[in-house]
Amino acid sequence: MNPHLPQGGGAAVEFSTQSPCAVQAVTQLRHALDRPGLQMVLFFASLSSYEPEPLQQALNDAFDVPVIGCTSAGQVGHAGFQAGGLTAVGFFGSGWFFKPHLITSLSVEGQPIEASIAAMERDVDAIPEGMKPFGLVLVDGLSMQEERLMAHLYRSLIQMPIVGGSAGDDLNFEQTLVFCDGAFHRDAALFVLCATDKVFATVRAQHHQPTSTKLVVTEADPSVRIIHEINGLPAADAYSQAIGVPVAEFCPEVYSLYPVMIRVGDAHYIRSIQRCNPDKSLTFYCAIERGLVLSVGHRADALEALSLAFERVQEQIQGRPELIIGFDCILRRLEFEARGLNGAIVEQFVNHNVVGFYTYGEQINGLHVNQTFTGIAFGA
């Protein structure tokens, strides 16, 4: 429960607790961040540990600076993987600029997102001279609106790197919440216009490559991310044939081992299955549509893929990260646990000062992706 100052110290303080009491957890957090110059608090919390209302009240009582966050499917910080509890980062000093924007009624077409983006564009002019902007996104992980949100944001703020994650609820799929303006919200997204005088770079890591096994979506309902048919067969049957696993054995661990991938430009991105439905349709974590050609993914070396991603970002920021705000897919964690790799993966996170949460989807620039680690790394 001790506060941790990432390498370089002072600019950001990370804190984790597994106290089962929301008031006690926030009291510990407030004590850890009780030092001059606090600009903003970013937190990730488990609904398995805390009811939203007591946690909301405790946060409002504890802080008079902006507090933002979301619910999670687990967290990671300097102490490693944490199931349950709360993990947070406090940002200190004049080297940061933050302007949170809450987008409510996310599923309403058009107006809420467009109105919020207009305010974001105006706030860009308020960024202090000498600072470079970036964006952080937290979004209701059950809203199924991530693709539309990211397309609007990146098209309007195209010069700005954007990373984020979709809120989780420990694989219960009941409610996933974002926190802003003193309250938890459903059907909502949070975009934080940020800037800093630190050097920074985005991070993306995935460890699957496409195979020659192709699946053509022949019937789908994009509005709810459901594929009904693949290759003219019930979707679950076609997927079962492609991966060699019976439908009766489908589970999150199977989906994490055998994702499907789409090609965007010269790169392939993962589209992960959330569940198999009684009618043998498949519900996805990402948008899916009729006519899409999918490739069954083949896993490569996960540790090597993550190491290479961290090496690239260290070259960009010219040294070991002082802090990485990270968003890692819950299906990656399930896969790593099943393969006995989670300890080694988390060790890499700890060694590179990753603080973040396990998500129901990840965002990077204009894309919503699955089974990917995304983040933003800060140098000294």
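Summary of computed values
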| read-out | value |
| --- | --- |
| Residue among 377, 338 that is at pLDDT below 95 and either surrounded by 21 or more Cβ atoms within 10 Å (Cβ to Cβ) or not assigned by TED's automatic domain parsing to the domain that holds residue 284 (or both) | 338 |
| Filter result for the condition that a residue is of a type in the set (Val, Ile, Thr) and in contact with a helix residue (DSSP H, G or I) (Cβ under 9 Å, 6 or more places away or on another chain), over 202, 196, 176 | 202 |
| Residue satisfying all of: in the range 304-320; in contact with a helix residue (DSSP H, G or I) (Cβ under 9 Å, 6 or more places away or on another chain) and at pLDDT 95 or above; surrounded by the fewest Cβ atoms within 10 Å (Cβ to Cβ) among these | 307 |
| Among the residues listed as 125, 170, the single one being in contact (Cβ under 8 Å) with a residue 60 or more places away in the chain, more than 18 Å from residue 325 (Cα to Cα) and of a type in the set (Asp, Glu) | 170 |
| Test: residue 288 is touching a residue at least 24 places away in the same chain (Cβ under 8 Å), out of contact with any Asp or Glu (no Cβ under 6 Å at 6 or more places or on another chain), in the same structural domain as residue 249 (by TED's automatic domain parsing) and buried (at least 21 other Cβ atoms within 10 Å of the Cβ) | yes |
| Among residues of the range 360-380, those that are within 16 Å of residue 150 (Cα to Cα) and part of a strand (DSSP E or B), counted | 8 |
| Lone unmet requirement of (1) in a loop (DSSP other than H, G, I, E, B); (2) closer than 15 Å to residue 209 by Cβ for residue 298 | (1) |
| Conditions (1) in the same structural domain as residue 368 (by TED's automatic domain parsing); (2) touching a Ser or Thr at 6+ places or on another chain (Cβ under 8 Å); (3) not hydroxyl-bearing (Ser, Thr, Tyr): number failed by residue 323 | (2) |
| Given (1) crowded, with 18+ Cβ neighbours inside 10 Å; (2) acidic (Asp, Glu); (3) closer than 26 Å to residue 341 by Cα, index of the condition residue 249 fails | (1) |
| Given (1) within 13 Å of the chain's Cα centre (by Cα); (2) free of Cβ contacts under 8 Å to residues at least 12 places away in the same chain, index of the condition residue 311 fails | (1) |
| Residue match in the range 228-241 (condition: within 24 Å of residue 329 (Cα to Cα) and at pLDDT below 95) | no |
| Options 44, 98: the member that is part of a strand (DSSP E or B) and surrounded by fewer than 21 Cβ atoms within 10 Å (Cβ to Cβ) | 98 |
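Residues are listed down the side, and each one gets a yes or a no for (1) under 23 Å from residue 41 (Cα atoms); (2) in contact with an Asp or Glu (Cβ under 7 Å, 6 or more places away or on another chain):
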position	(1), (2)
305	no, no
316	no, no
329	yes, yes
336	no, no
350	yes, no
367	no, no
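The values are calculated or read from the model by the stated rules, or taken from the named source; none is laboratory data. This structure is a prediction, so every number in the text was calculated from the model and none was measured. Heads up, the Cβs are rebuilt from the backbone with ideal geometry, glycines too, and the neighbour counts pull from every protein chain shown.
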